[in-house]
Amino acid sequence: MSQKEYTDISSIAGPLLVVEGVEGVKYDELVEVNVPGEKAPRFGKVLDIAKDKAVVQMFAPTSGMTAAGTRARFKGETLKLGVSEDMLGRVFNGAGEVADNGPELVPEQRLDISGEPINPYSREFPDDFIQTGISSIDVMNTLVRGQKLPIFSGAGLPHARLAAQIARQASVKDGGDFAIVFATLGVSFEEAEYFRREFEEAGALERSVLFINTAADPVVERISTPRMALTTAEYLAFEKGMHVLVILTDMTNYCEALREVSAARKEVPGRRGYPGYLYTDLSTLYERAGRVKGKSGTITQIPILTMPDDDKTHPVPDLTGYITEGQFVVSRELYQKGVFPPVDVQGSLSRLWSAGVGEGKTRADHSSLKDQLFASYATGREVRELAVVLGEASLDDTDRAHLKFATAFEAEFVGQGEYENRSVDESLDIGWKLLSLLPRASLKRVKADLIKKHMPAVTNEEEA
Amino acid sequence: MTNSQETTQAQTNTDVATGVIERVTGPLVRVSGMAEAKLYEVVKVSEEKLLGEIIELHGDVAAIQVYEETAGIGPGDVVYRTGRTMSVALAPGLLESIYDGVQRPLHKIEAAAGNCFIKRGIEAEAIDMLKMWKFTPVVKVGDTVVAGDVLGEVQETSVIVHKIMVPPTEGGTVVSIESGEFKVTDTIATLKRADDTVASVEMLQYWPIRQPRPKAKKIFPNEPLRTGGRSIDTFFPIAKGGAGCIPGPFGAGKTVTQQGIAKYCDAEIIVYIGCGERGNEMTEVLSEFPHLIDPNTGEPLMKRTILIANTSNMPVAAREASVYTGITIAEYYRDMGYNVALMADSTSRWAEAMREISGRLEEMPGEEGYPAYLSSRTAEFYERAGMVKTLGSEGRTGSLTVIGAVSPPGGDLSEPVSQATLRVTKTFWSLDSDLAYKKHFPSINWLTSYSLYAPNFEEFWAREIAPDFSEVRKIALTLLEKESSLLEIVRLVGMESLSNSDKLVLKVAGMIREDFLFQNAFDADDAYTPLANQYSLLKSLVTFYELGKDVVTKEEFDFKTFAEIPTIAEFQAIKGNLKATPEDYQSYQERISTDISALA
């Protein structure tokens, strides 16, 4: 492998570097760039190679680089990350370097951070119920092991606390804790520190790997940070048999970094200036989750993104929603009412819920109870809107019962608080208790025998 | 026009190294030294032999889209030509397969890679070349056959007989044909052509994916594809041989709807293309279909299914090819005289793949960066659907129904892919995020969806189901429309201000929505309702309205008493009774009549 150095740099613009007169350079190859007067090299990769001209995308900022004197060395391999089991309990920066004053890592393997697509034939369908201890998730939008389920949030909403609560409380029937791989992408120092402290307090730090890229760190570095996190997760899950929970925050910053590079390359933009390949690019991250045949480990992914102006149709949440298996939506309305965790039950969705519920997983009544709660809550909310326009006096008894139900549902079922960890049985029982506020005739989705078995005796249907 | 002789011969061609790479940008590679190459020729890139296809030629420079990851490829690497255009292998053994976008069986990729990841440069035969199939001739020596005629049959799976046809460009007198056990590459018959040359016919044939397979003629589709979905079959049906689209924002249930159709529709062959979608969705189909029983044959669904899985993270160029791979296989079974249904989920990802390649080719972009040829490519694709008289002297009738999912960004249908698709499809299932938000599934909006095929089916419905089918359907649709305008009024002034006849409309329309249109895809009993039962259920609901409207308008009538009649509460029970006979429905409708006349 020739590792010649080149000094003919014809342009430096944004994160891009053009190197001329190169020979034998390959697409996607890693490039080591030495800037005069600096000890540590900066890295980049080949984005476009035409004959003797290579366009290099830098992972580190290009500030302070000079066209003269800067040397580019083509490494003949793609960007790799050294991984080992000792990464657990450690903190790395966004470029994958040790950032906790601990000893350097002795890698067991060096892996390409882009990974390879999982063969759909080799996948196994995720169907192990994860108990998050949060009723609005466990009962209404069930999470399963190997699922990718993002949190859609907005500016000023407590998505970090929700994600931390999930990470703290998540457990599965066959026991065993999740190993947590956590990556921050351009968030504030406080938010990164919040997570670190949460993990520490929950005693989860020694089973966590943290990659920290804050808002102060280089933007382009953010493009490789999630890939490093996922490479680590794949190693821990598929080589070491661990159940891994990956949390990436905030994906909106990642997409903006991608947009920056795309703009620098003068590509034809898609919606809102994001590159046309944003969907494909995001899928190469989100699809690195799941279960595969013959491996005991799994990867569950919870990316967090903030929707600009709470707009679900913005390209970032939109394209994410098309790839992931549902979404948890953080509700501004509930948060303002003081409900925690403020999960928008109706707007959220878990596409894999049906695989995770029922006899042997949660409880036989789960599915119909969930349907009924959804239907009754939807009716309750419609009644609430009606009451705003027409006044409560115009409501009949059934309407009033639904209104009462919707309010109680939000307060008791959804609003359980930050530190209450409910078993799924408890959550389901609360659901039944709330249904007893409603007249029997309006319970169309639950069968009579289930009502008999689970509905608490105190009901107000006689008076209805 | 490619003739089969050329294609077969080309398959055996040894690869010739001719080109040298000039430039690599993502999945697009420019290669010089390709003066003799032809458009859409398959090439192998670099010593790793990555599969690619020529998509543009300028002098001796070819633009090649590579169907695999191009990391590590660079200028100076060689490119091998194969001499053949991008084709699919057609032979017994297609059914029950799961392929990637360029027809490589995923299980063979797994075996070759040795782990769960897709390694590149893996060559895998689409068809098992060693498997022996029992071939039974249906023609004899001395018979004269033309293109498309059936030479013999192979029992491919327990439900499907694979017909071995004379290739579209062959014909002549049968010189030899034998029954027995053969590999797909064995000669099963020889024909003497009109010019006295001899053609040997194998079970294995190839066909270029971008070229529609020939047919004698297209015929007008006038029979509905029955899917068991109440909202689809009764209100917005699609024809066997029709083209339909399902646009909708994420979470609105596109995939569940498509999978529902794939599971229960009365086509004999299903081709399901997962084009740039989730890996787990394909896994779900793979783990579910072998266990689900086809209501039409009583056999596992997998026996009639072919899956093409090119998930979102698999190479983007192969995604572009996947829809063509799928539709060519589908046409091949159509030519045998089968009703084939093809689902493409999602055609937006296909269009995005086109956009990505187009961008790298530095073409002048059209709307939203999509290439200017987006709408013509889309139209060409959907036009491959149809009910046809096939080639051959007997002229079999076959159909290919194409149902494409569209994923409009933000659910906004004004974007180019949705618009290009709407122009060429005749059934439009409009998935509605508000309905999905309220968990009303399938979230097919009954006010905005349409089927231009419905008028063609009136005769079919009257003949096969009931003389008043169309009438019942129209009344129900009218009720739903009236309901939506009445609900506007209710929102403003409340329920009390409505007249009794309006209240009746709301009551019955509400039942149509909640008890008829709402259908639980996860409940095995509810997910499939035979067309005759759909009619009976809807007829019962319409009966409430038809008989009720005279009663409730009587003076001093208290509408509450109508809402409390027992037959309304009974509806759930009769709907849940899968064994209910037409007589049961008859007697139920009579009881409705009794209940209502008791009110008068």
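The values are calculated or read from the model by the stated rules, or taken from the named source; none is laboratory data. Predicted model only: the values in this text are computed from it and were never measured. Don't worry about glycine lacking a Cβ; one is built from the backbone with ideal geometry, like all the others, and counts go over all protein chains shown. Note: accessible area is taken over every heavy atom of the protein model, side chains too, but ligands, DNA and RNA are not part of it. Shrake-Rupley method; radii C 1.70, N 1.55, O 1.52, S 1.80 Å.
Taking both sides together, the accessible area buried where B meets A is about 5700 Å² for a 1.4 Å probe.
For B:Phe428, the accessible surface of its heavy atoms amounts to roughly 10 Å² (probe 1.4 Å, protein chains only, rounded to the nearest 10). Rounded to the nearest 20, the size of the Cβ-charge dipole of the range B:469-597 about its Cα centre is 260 debye, with Lys and Arg at +1 and Asp and Glu at -1.
Greater than 18 Å separation of Cα atoms is the criterion. Which listed pairs, A:Lys293/B:Lys108; B:Lys507/B:Lys560; B:Lys163/B:Lys389; A:Lys404/B:Lys439; B:Lys108/B:Lys131; A:Lys370/B:Lys575, meet it? Walk me through the intermediate numbers first.
Values: A:Lys293/B:Lys108 15 Å; B:Lys507/B:Lys560 11 Å; B:Lys163/B:Lys389 16 Å; A:Lys404/B:Lys439 21 Å; B:Lys108/B:Lys131 15 Å; A:Lys370/B:Lys575 21 Å.
From the list (A:Lys293/B:Lys108; B:Lys507/B:Lys560; B:Lys163/B:Lys389; A:Lys404/B:Lys439; B:Lys108/B:Lys131; A:Lys370/B:Lys575), the Cα-Cα distance tops 18 Å for A:Lys404/B:Lys439; A:Lys370/B:Lys575.
Calculated on the Cα set of the range B:217-440, radius of gyration then Dmax: 16.9, 54 Å.
Note on A:Ala364 and B:Met129: the model spin-label points, each 7 Å out from Cα along the C-beta direction, lie 5.5 nm apart. A simple spin-label model places the labels of B:Asn296 and A:Glu38 6.4 nm from each other, with each point 7 Å out along Cα-to-Cβ.
Taken over chain A, the percentage of Cα pairs per 10 Å bin, counting from 0 up to the bin with the maximum distance, is 4, 19, 27, 22, 14, 8, 4, 2, 0. Treating the angle as unsigned and between 0 and 90°, give the value, to the nearest 10°, between the Cα long axis of helix B:347-360 and the longest Cα principal axis of chain B. Between helix and principal axis, roughly 40 degrees.
Can you give me the % of accessible surface on the range B:445-600 that is carbon or sulfur? Probe 1.4 Å, all protein chains present, nothing else counted. Don't jump to the answer; show the numbers that get you there.
Numbers: 4080 of 7750 Å².
Answer for the range B:445-600 is 53 percent, counting heavy atoms of protein chains only.
Between B:Glu590 and B:Asn520, the modelled labels are 3.2 nm apart [label points 7 Å from Cα along Cα→Cβ].
What residues from the range B:69-91 fall in the zone where the backbone N is under 17 Å from a label point 7 Å along the Cα-to-C-beta line of A:Asp52? Under 17 Å, as judged by backbone N against the label point of A:Asp52, lie B:75-77 of the range B:69-91. Accessible area per residue for chain B is 36 Å², calculated with a 1.4 Å probe on protein heavy atoms, without ligands, DNA or RNA. Of the residues B:Trp350, B:Ser231, B:Ile127, the one whose Cα sits farthest toward the positive end of the charge dipole of chain B, with +1 on the Cβ of Lys and Arg and -1 on the Cβ of Asp and Glu, is B:Ile127. For B:Met165, nonlocal amide neighbours, meaning residues 5 or more places apart or on other chains whose placed amide H falls under 5 Å from its own, are B:Leu151. Backbone geometry of the range B:25-32 corresponds, through the Karplus equation with coefficients 6.51, -1.76 and 1.60 at θ = phi - 60°, to 3J(HN,Hα) couplings of 9, x, x, 9, 10, 9, 10, 9 Hz, x marking Gly and Pro.
Using only Cα atoms, locate the centre of the range A:1-78 and the centre of the range B:444-484, then give the distance between them in Å, rounded to an integer. Using only Cα atoms, the two centres lie 65 Å from each other.
Size of the protein assembly as shown: Rg and Dmax of its alpha carbons, in Å, are 30.9, 99. Straight-line cross-link reach from A:Lys173 at under 16 Å between alpha-carbon atoms covers these aspartates and glutamates, not counting any fewer than eight positions away in the same chain: A:Asp127, A:Asp128, A:Asp138, A:Glu359, A:Asp425, A:Glu426. Note on the range B:217-440: with charges restricted to the Cβ of Lys and Arg (+1) and Asp and Glu (-1), its dipole about the Cα centre is near 540 debye. What is the Cα centroid distance between the range B:184-240 and the range B:391-410, reported in whole angstrom? When both Cα centres are located, 10 Å separates them.
Counting other Cβ atoms within 10 Å, keep those with at most 15, restrict to DSSP loop, and tell me which GluC sites (Glu not before Pro) in the range B:146-202 are left.
Working: sites: B:Glu153, B:Glu156, B:Glu170, B:Glu178, B:Glu181, B:Glu202; in loops: B:Glu156, B:Glu170, B:Glu178.
Of the GluC sites (Glu not before Pro), the ones in loops of the range B:146-202 whose Cβ has at most 15 other Cβ atoms within 10 Å are B:Glu178.
In the range B:17-45, the residues that give up 40 Å² or more of accessible area when the other protein chains are added, compared with the chain on its own (1.4 Å probe), are B:Glu22, B:Arg23, B:Val24.
Quick check on my link table: of B:Lys38/B:Lys192; A:Lys148/A:Lys312; A:Lys148/B:Lys263, which ones sit more than 27 Å apart, alpha carbon to alpha carbon?
Working: B:Lys38/B:Lys192 31 Å; A:Lys148/A:Lys312 18 Å; A:Lys148/B:Lys263 25 Å.
Checking Cα-Cα distances, B:Lys38/B:Lys192 exceed 27 Å.
Treating the angle as unsigned and between 0 and 90°, give the value, to the nearest 10°, between the Cα long axis of helix B:279-288 and the longest Cα principal axis of chain B. With both axes taken from Cα atoms, the answer is about 70 degrees.
Treating each Cα of chain B as an identical point scatterer and ignoring solvent, apply the Debye formula and state log10 I(q)/I(0) at q = 0.05 Å⁻¹. The Debye formula, applied to the Cα set alone, gives -0.26.
Bridging of B:Lys140 to aspartates and glutamates at a Cα separation below 19 Å is possible for B:Asp149, B:Glu153, B:Glu170, B:Glu178, B:Glu181, B:Asp186, B:Asp196, B:Glu202, B:Glu394, once same-chain residues fewer than 8 apart are set aside. When +1 charges are put on Lys and Arg Cβ atoms and -1 charges on Asp and Glu Cβ atoms, the dipole computed for the protein assembly as shown relative to its Cα centre reaches about 1180 debye. Pairwise inverse Cα distances across the range B:394-442, averaged and inverted, put the Kirkwood hydrodynamic radius at 13.2 Å. With helices as the sole contributors, chain B gives -10000 deg cm²/dmol at 222 nm; each DSSP H run of n ≥ 4 counts as -39500 (n - 2.57), and the sum is divided by every residue. For A:Lys453, the aspartates and glutamates whose Cα falls under 12 Å of its own Cα, not counting residues fewer than eight places away in the same chain, are A:Asp365, A:Asp429. What is the angle, in °, between the Cα long axis of helix B:582-599 and the longest principal axis of the Cα atoms in chain B? Nearest 10 is fine, range 0 to 90. With rounding to tens, the tilt is 30 degrees.
Per residue of chain A, the DSSP helices (runs of n ≥ 4 H) give a summed -39500 (n - 2.57) that works out to -9000 deg cm²/dmol at 222 nm.
Return the tail of the calculated pair distribution for the range B:11-80, meaning the percent of Cα-Cα pairs more than 18 Å apart. More than 18 Å apart: 23 percent of the Cα pairs in the range B:11-80.
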